[in-house]
Amino acid sequence: MSTTTTTITSTLDSEMPASNLVPTIDISPFILDPTSPLVDKIVETARKACIETGFFQITGHGISEELQSELFEASKQFFALSPEEKQSLDVNTKPGRKGYDSAEAYNGEKLPDLKELVDATKMVHSHLFETYRSCQSFFLGHDNSPDDPAVLSHRFFMGPNVWPSNSLLASSSFREPVERYFTAINNLATQVLDLVALTLPYGPDIFSNFKTGHVVAPLRLLHYPPGKPLPGTDHSNSDQAQLGAGAHTDFGAITILLQDTNPGLQVLHPKTQDFVPVPPTPGAFVVNVGDMLTAWTGGVYKSSVHRVINDNPVDRYSAAFFFNGNLDCELDPLDGRQPVQGAEGVGGIGTKGWTVEKHLIKRIQQSYGGRE
């Protein structure tokens, strides 16, 4: 990935209201013709969002609501399997950590004071704080051949996808719709990266190398059981409700999230330090900047802290697609300056020549206490 000495600057509006925290952008003109004059406004809005919070929603993306519904129905059928049936696909026993992850962590009987959590997050920018998390996941990605040298050498997230047997769940009910969705969302992610490239002063092809080679692009299907209060807590207080996913930033370059109709996602407001809900918008995707894009822009594009508060009385489903890119790409700032030290350096990003693969391995170690 080439670099240039051009720099970019932050223009965060200190009076930005919470209602404008996550703008919705119709990207259909860009999808139809990236050279259209109509794209200029899209680029301007996306750039502003990347600088201010790193979050925006997109419509007009070309993925049908029918395919989105098919994915959720497939996800519901999988998570309805018995614990024993799902555990047969345990990520800890599969190459590349693909498959099922129960991902329940209990590190104490109650949540910490969230002001303390926010302060800690500011001190350690990228660490995943999971004091009480309750969700189930199913991971898949590019379907690597078992004899691929990257698989044989145990490179990060390199391995074949794993699926329930047809006796457990018919391929037409799970594997086929999930694979269709993966193909569509992976294609959309590359288009969103092309859009992000236009928001930067480094040329439209700045991410070309990042999008090729040994690419890590996990799709994570998520199921949050109905919310329940922690022992001795007030369920009416969302800060004390059951955390579906603790406050964290995302590892990769961009994340594209599909939510069902149940709320839960919350983003940390950069000025008030309050968590602000991101209500589901039918058919829309939530896009957010990850730690890699923050590193490339020297901290200008924000990888914001966010969480899921699961206080819904019903099951909540979502699907997060993480474009983490070519394992061999380096994460040095694109303008040629030295890597940012301190908060943005958590996970090794502040080390010159630090690669995507090194970063991902380090982040997994930080987040799961050494479990890979």
- request: Would you kindly identify the strands (runs of 3 or more DSSP E) lying entirely within the range 13-118 that contain at least 2 residues that are modelled with pLDDT of 95 or more?
  value: 24-26, 55-59, 99-101
field: Identity of the residue in the range 261-279, under 16 Å from the mean Cα position of the chain (by Cα) and not aliphatic (A, V, I, L, M), that ends up nearest to Ile25 (Cα to Cα)
entry: Gln266
message: Looking for something surrounded by 14 or more Cβ atoms within 10 Å (Cβ to Cβ), out of contact with any Leu (no Cβ under 6 Å at 6 or more places or on another chain) and modelled with pLDDT of 95 or more - is there at least one such residue anywhere in the range 121-138?
response: no
Hits in the range 58-70 - residues which are within 14 Å of Asp260 (Cα to Cα) and touching a residue at least 24 places away in the same chain (Cβ under 8 Å): Glu65, Leu67, Gln68, Glu70
- request: Consider only pairs whose beta carbons are under 8 Å apart and that are at least six residues apart or on different chains; among these, list those whose first residue lies in the range 303-323 and is farther than 15 Å from Gln136 by Cα and whose second residue is of a type in the set (D, E, K, R) and in a loop (DSSP other than H, G, I, E, B).
  value: Ser303/Asp250; Phe322/Asp250
The range 279-291: number of residues that are touching a residue at least 24 places away in the same chain (Cβ under 8 Å) and in contact with a strand residue (DSSP E or B) (Cβ under 7 Å, 6 or more places away or on another chain): 9
statement: Selection from the range 134-161 of residues free of Cβ contacts under 8 Å to residues at least 60 places away in the same chain and either in contact with a strand residue (DSSP E or B) (Cβ under 7 Å, 6 or more places away or on another chain) or in a loop (DSSP other than H, G, I, E, B) (or both) yields Asp143, Asn144, Ser145, Pro146, Asp147, Asp148, Ser153, His154
statement: Checked the range 21-74 for anything in contact with a Ser or Thr (Cβ under 6 Å, 6 or more places away or on another chain) and at positive phi; matches are Gly54, Gly60
field: Every residue from the range 264-290 that is buried (at least 18 other Cβ atoms within 10 Å of the Cβ) and in contact with a Pro (Cβ under 6 Å, 6 or more places away or on another chain)
entry: Gln266
query: So, of the residues in the range 191-218 that are touching a strand residue (DSSP E or B) at 6+ places or on another chain (Cβ under 8 Å) and surrounded by fewer than 16 Cβ atoms within 10 Å (Cβ to Cβ), which turns out to be nearest to Glu66 (Cα to Cα)?
result: Thr212
message: Need pairs with beta-carbon distance below 7 Å; first residue touching a residue at least 40 places away in the same chain (Cβ under 8 Å) and under 16 Å from Glu52 (Cβ atoms) and within the range 265-278, second of a type in the set (A, V, I, L, M, F, W, C) and surrounded by fewer than 15 Cβ atoms within 10 Å (Cβ to Cβ); sequence gap 6+ or separate chains.
response: His269/Ala18; Pro270/Leu12; Val276/Ala18
message: So, Gly290, is that one under 29 Å from Pro333 (Cα atoms), at pLDDT 95 or above and of a type in the set (Gly, Ala, Ser) or not?
response: yes
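The values are calculated or read from the model by the stated rules, or taken from the named source; none is laboratory data. None of these values were measured; they are calculated from a predicted model. Positions of Cβ are generated from backbone atoms using ideal geometry, with glycine treated the same way; all protein chains shown enter the neighbour counts.
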